[in-house]
Each structure stands twice: as C-alpha cells, then as structure tokens.
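> One structure, as structure tokens, below. Some questions next.
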Amino acid sequence: MNPQTKLTVRPGLRQTAGRKGMGKSCSLGRIGSCRTLEHFIQICYEHLEECAGKFKERDQADELVCDRRRRSLQEIVDQSTATSLTHGDLGNLERIQLLDIVRWGGDLIRQIRRGPRKRVSIPVRLYLESFSQTCAEETLIREVSQHGAALTCSFPIIVGEIVKMERMDTGERVECIVRWRERRDGTTLYLGLEFSRYKNFWRLHW
C-alpha cells in the first residue's frame with residue numbers, strides 16, 4: 001500500500017478536518033479492503049473514534065458486543081503494527097500516525113469489559129500510599145467482575161494510579177489499578193478498579 005495523497009491527520013490529533021463530517025460508521029470489513037495506506041489510517045481512526053464514543057456513553061452492557069469490539073480493536077493494533085514494520089517507505093507522519101493508532105487501540109482494549117458483572121454488597125477498605133503517608137477509606141462494593149470492581153471513593157485519585165483493596169469480611173488484600181473515574185451528581189466519585197494480578201478475589205462462581 002503506497003499512499004496516493006497525504007492524510008490531514010496531524011501527529012497527536014485524533015479529530016481532524018480531513019475526517020470531520022464524513023458521516024460514515026466504520027465497519028471492520030472495510031479495513032481489509034483498504035487500497036492505500038492513507039485509506040487504512042483513515043478507517044482505523046474512524047473505528048477508534050467510534051469505540052471511544054461508546055465508552056464515553058458507558059455502552060458496555062452487552063458481552064457479545066464487547067467481545068466483537070475487543071477483536072476488532074486487536075485487529076487494528078495488529079495490522080497497524082505489521083504495517084509499520086513491513087513498509088520501508090513510510091514517511092515520518094505515517095509512522096507517527098500508526099504508532100498513535102497502536103497506542104490508542106491498546107488503551108481502548110484495556111477499557112473493554114472482559115467478563116460478566118455481578119451485583120454484590122461487600123465492605124472493603126482502600127489504601128492509597130504516597131511518599132509521605134498512607135490514606136485509608138472504607139466503602140461498599142456494589143458491582144464486581146473476575147477482574148475488578150466499581151465503587152465510590154473520596155480519594156483525590158487519578159486514572160493509572162495504584163491502590164490496595166482489603167476485604168473487610170475476609171482480610172484478603174489485592175493490588176489494583178484505577179482504569180476509569182467519573183463524578184456523578186456533581187459530588188460522588190466513582191472508580192473502576194482492575195486487579196494487577198488475576199485471582200478469584202470475590203470467591204464467586206462465574
């Protein structure tokens with residue numbers, strides 16, 4: 001695939017004049033039929049933007065949809081990686097765009113639900129450690145998966161930060177990473193935590 005015309009996507013910018021107003025929803029089948037590198041990059045960005053919009057809408061209820069979304073994103077990441085490695089005539093802008101697609105696709109894959117959710121009521125204690133002190137807060141888990149949990153918290157915490165969680169009923173502890181956070185009703189902070197290491201922390205049958 002040799003580019004015929006230059007794409008207007010600037011390095012680091014994912015919403016550009018070249019793709020605004022196109023009004024076409026990207027389907028994965030279109031990626032395999034791309035005739036130029038320009039078209040391939042354009043279709044990848046369209047699909048990533050579509051998936052990112054679904055995440056903002058918290059549209060992850062259907063497990064089959066989540067699985068299809070994960071596979072389509074993984075295909076984009078794999079094809080973009082292969083393209084960057086096998087095309088020796090890439091320009092600097094094209095290399096930057098492909099790297100951006102790989103990174104963005106990887107970020108979105110990590111946000112996709114990897115299994116069913118269960119409604120529970122489990123008391124836990126969160127620990128946030130810093131250089132100067134360790135903060136602790138007790139809260140109630142309302143929704144869990146095999147890989148993590150969603151909960152409310154008042155910690156001044158950011159996405160990507162590491163926290164430790166202790167079950168107050170069993171005393172078990174696990175290290176977690178904050179995958180998402182959002183403030184609802186203007187006050188309550190909700191966090192999505194993912195276990196650093198997989199284990200059946202909740203002792204549930206999935």
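> Test of understanding: what is the full-extension gain from N200 to I158, defined as 0.36 nm times their sequence separation minus their Cα-Cα distance? Could you put the intermediate results ahead of the total?
Numbers: separation 42, 0.36 × 42 = 15.12 nm, distance 2.55 nm.
In short, 12.6 nm is gained.
> Another one. Tell me, what HN-Hα J-couplings in whole Hz come from the Karplus equation 6.51 cos²θ - 1.76 cosθ + 1.60 at θ = phi - 60° for each residue of the range 159-168, using x for Gly and Pro?
4, x, 6, 9, 10, 10, 10, 10, 6, 6
> Put a dot 7 Å past each Cα toward the Cβ at R103 and E172; how far apart are the dots in nm?
3.7 nm
> So, in Å, what gap is there between the alpha-carbon centers of the range 137-206 and the range 69-118?
Centre-to-centre (Cα) distance: 27 Å.
> Still on this structure: Quote the convex hull volume per residue of the range 118-195, based on C-alpha atoms, as a whole number of Å³. Write down the numbers at each step before the final one.
Details: hull volume 7.1 nm³, N = 78.
For the range 118-195, the hull spanned by Cα atoms encloses 91 Å³ per residue.
Laboratory data are not the source of any read-out in this text; all were calculated from the coordinates shown. Given the structure is predicted, the values throughout are model-derived calculations rather than measurements. Neighbour counts are summed over all protein chains in view; Cβ atoms, including those assigned to glycine, are modelled from backbone coordinates with ideal geometry.
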